[in-house]
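Okay, so here's the structure we're looking at.
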Amino acid sequence: MEACDRGSTAISDVLLQFGANVALKNTDDWTAVDFLRNAISVGMVEEEDISEAERLIRAMEDKLREGDLLY
């Protein structure tokens with residue numbers, strides 16, 4: 001979640017590759033997907049990394065669907 005909150009696509013990608021749990025939620029009920037979407041919307045993700053961030057969002061949503069965890 002922290003990497004997504006900071007807009008770090010490289011770290012988020014590595015964490016996903018190593019099986020990070022994308023279903024975890026914080027006390028506000030936010031997942032890593034929520035944080036990454038927010039990071040994009042507030043400009044935390046560099047322009048050249050937006051397509052990678054969007055790919056990561058799709059990958060995390062796919063993982064949530066596979067585990068029937070999509071909210």
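We did not get these values from a lab; they are worked out from the coordinates using the rules stated. Since the model is a prediction, treat every value here as computed from it, not as a measurement. Every residue, glycine as well, gets a Cβ built from its backbone with ideal geometry; the counts of neighbours run over all protein chains shown.
Tabulated data for the structure shown
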item	result
Projected-area average for the chain over all orientations - Cα convex hull basis, square nanometres	4.3 nm²
Extension gain, residue 21 back to residue 58 (0.36 nm per residue minus Cα-Cα distance, nm)	11.9 nm
Dipole of the chain, positive direction: furthest Cα of 9, 32, 21, with charges on the beta-carbon	21
Gain on full stretching of the segment that runs from residue 65 to residue 47 - 0.36 nm per residue minus C-alpha separation	3.7 nm
Dipole in debye (nearest 20) - the chain, about Cα centre, beta carbon charges: Lys, Arg +1; Asp, Glu -1	200 debye
Theoretical ellipticity at 222 nm over the chain - DSSP helices of four or more residues, -39500 (n - 2.57) apiece, nearest 500	-16500 deg cm²/dmol
